[in-house]
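Just below is one structure, and these are the notes that go with it.
Just so you know, all these numbers are worked out from the coordinates, no wet-lab data involved. It should be emphasised that the depicted structure is a prediction, and the values quoted were computed from it without experimental measurement. Every residue, glycine as well, gets a Cβ built from its backbone with ideal geometry; the counts of neighbours run over all protein chains shown.
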């Protein structure tokens with residue numbers, strides 16, 4: 001093969017690499033986030049008792065928060081602030097919270113900007129700031145030692161950031177990632193995702209600052225967030241933290257496993 005031909009092939013590879021990189025950069029949020037927005041007068045379809053709150057953040061941003069209430073008439077033990085995944089809205093995650101309600105915990109689940117009835121443009125900074133607003137509101141009803149911060153999938157970054165500067169009862173992460181760039185690199189390792197990714201959420205760094213107990217769940221055959229990404233979080237855990245591997249667990253079925261149920265029941269005692 002001539003030098004000229006080799007040069008042309010290399011030039012073509014570089015052009016394709018750059019074009020694909022540009023497309024990835026400008027479309028990454030569409031790969032990462034899959035919101036379903038509904039009108040403000042939409043009636044959510046929940047099987048649980050709930051109250052709906054709209055929290056005005058500023059002129060553009062409003063957080064829609066669903067406050068699920070245990071059916072037991074006794075006073076709630078505490079609250080689980082639940083940061084859900086990257087798709088749908090609060091209505092898509094309600095089936096996963098019954099274990100909390102059955103153990104007499106309220107569940108507060110905010111929707112992210114553009115999800116459900118929440119309004120505004122989404123960004124990492126906004127997600128973190130709005131999480132703090134929800135936590136402040138929860139403190140009007142519950143003391144920190146009765147607050148559990150829970151993150152699922154995409155929401156683990158928000159949950160870990162919130163818990164990193166607070167003293168709460170527990171941080172629980174379901175199917176977390178080490179960071180968003182690390183997650184992206186699992187799919188496209190040939191690109192410098194650390195500099196390309198709009199969202200960072202360095203969960204591994206956040207966990208080093210978390211003072212409360214941490215419990216992590218991850219399935220061995222997670223088809224969305226590879227287990228190898230969350231395994232890196234082990235180096236950030238304290239001696240009394242838990243990393244529970246669920247054999248044959250996928251991305252959306254961990255809450256049905258006996259390992260999950262047993263560990264969560266113990267946490268919620």
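Taking Cα atoms only, the orientation of helix 124-138 departs from the longest principal axis of the chain by about 10 degrees.
Arranged from fewest to most other beta-carbon atoms within 10 Å of their beta carbon, 39, 49 become 39, 49. Each Cα pair under 8 Å and six or more residues apart adds its sequence gap; the mean of these over the residue count of region 38-172 is a relative contact order of 26 percent. Run through the DSSP bridge list for region 36-267 and note the antiparallel percent, rounded to the nearest 5. Bridges in region 36-267 that DSSP calls antiparallel: roughly 35 percent.
Computed extension gain for residue 231 through residue 244, at 0.36 nm per residue and net of the alpha carbon distance, reaches 3.7 nm. Going from the residue with the fewest nearby Cβ atoms within 10 Å to the one with the most, 45, 167 rank 45, 167. Taking all Cα pairs closer than 8 Å and separated by 6 or more residues, the relative contact order of the chain comes to 15 percent.
Stokes-Einstein diffusion for region 1-118, with the hydrodynamic radius set to the Kirkwood value over Cα pairs and evaluated at 20 °C in a medium of 1.002 mPa s, equals 123 µm²/s. A straight chain from residue 145 to residue 132 at 0.36 nm per residue would run longer than the Cα-Cα distance by 3.0 nm.
The spread of Cα positions in region 170-216, taken along each principal axis and listed from longest to shortest, comes to 36, 18, 13 Å.
Short to long, the 5 Å bins of the Cα pair-distance histogram for the chain hold 1, 6, 12, 16, 18, 17, 12, 7, 4, 3, 2, 1, 1, 1, 0, 0, 0 percent of all pairs. Shape class of region 132-269 from the Cα gyration tensor (axes a ≥ b ≥ c, square roots of the eigenvalues): oblate, since a/c reaches 1.5 or more and a/b does not exceed b/c. When Rg and the Kirkwood radius Rh are both evaluated on Cα atoms of region 92-141, their ratio Rg/Rh stands at 1.02.
Normalised by residue number, the volume inside the convex hull of the Cα atoms of region 195-269 is 115 Å³ per residue. Max-minus-min Cα coordinates of region 65-194 on each principal axis give 55, 29, 26 Å, with the largest extent listed first.
Taking a ≥ b ≥ c as the square roots of the Cα gyration tensor eigenvalues, region 141-204 comes out prolate, since a/c reaches at least 1.5 and a/b is larger than b/c.
Beta bridges assigned by DSSP with both partners in region 1-143 are antiparallel in approximately 65 percent of cases.
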